[in-house]
Amino acid sequence: MKVKGFLIDNQTRCIHYHGEKDIVAIKFKCCGDYYPCYKCHDESVNHTKKRWSKEEFSKKAILCGKCLTECNIKEYMAHQKCSHCAAHFNPNCRFHYDVYFEI
């Protein structure tokens, strides 16, 4: 799975967010591309972000940077860890949910 943006390693960390648990990429509804964060998206493209609606939370739009497994939005928001390899994601990402998801 290709992740776009300003990556600094092969686990989806980027120049903006590169802590131990910053190992998640999000598929942007507007373009269908995975980016590590909204800043990478905004600095890379020339279009406006679109948020996933609540009705779309069953769509696979989250990529684990550790095992590269996709999960759906609902799973991600409920558990903040990968359902496949159990890697924990950064809990502070929840403060940005409104950028990606209609909540």
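Annotations for the structure displayed:
- Taken together, the residues in the stretch 18-33 that are among the basic types (Lys, Arg) and out of contact with any helix residue (DSSP H, G or I) (no Cβ under 8 Å at 6 or more places or on another chain) amount to 1.
- Residue list for the stretch 8-51, restricted to those being among the hydroxyl-bearing types (Ser, Thr, Tyr) and either under 11 Å from the mean Cα position of the chain (by Cα) or at positive phi (or both): 12, 34, 35, 38
- Against the test of being at pLDDT 95 or above, touching an Asp or Glu at 6+ places or on another chain (Cβ under 8 Å) and basic (Lys, Arg), the options 66, 39, 49, 74 yield a single qualifying residue, 49.
- Taken over the stretch 19-40, the criterion of being surrounded by 15 or more Cβ atoms within 10 Å (Cβ to Cβ) and over 17 Å from residue 59 (Cβ atoms) is satisfied by 21, 22, 23, 36, 37, 38, 39, 40.
The values are calculated or read from the model by the stated rules, or taken from the named source; none is laboratory data. All figures in this text were calculated on a predicted structure; none of them were measured in a lab. Ideal geometry is used to build each Cβ from the backbone, glycine not excepted, and the neighbour counts take in all protein chains shown.
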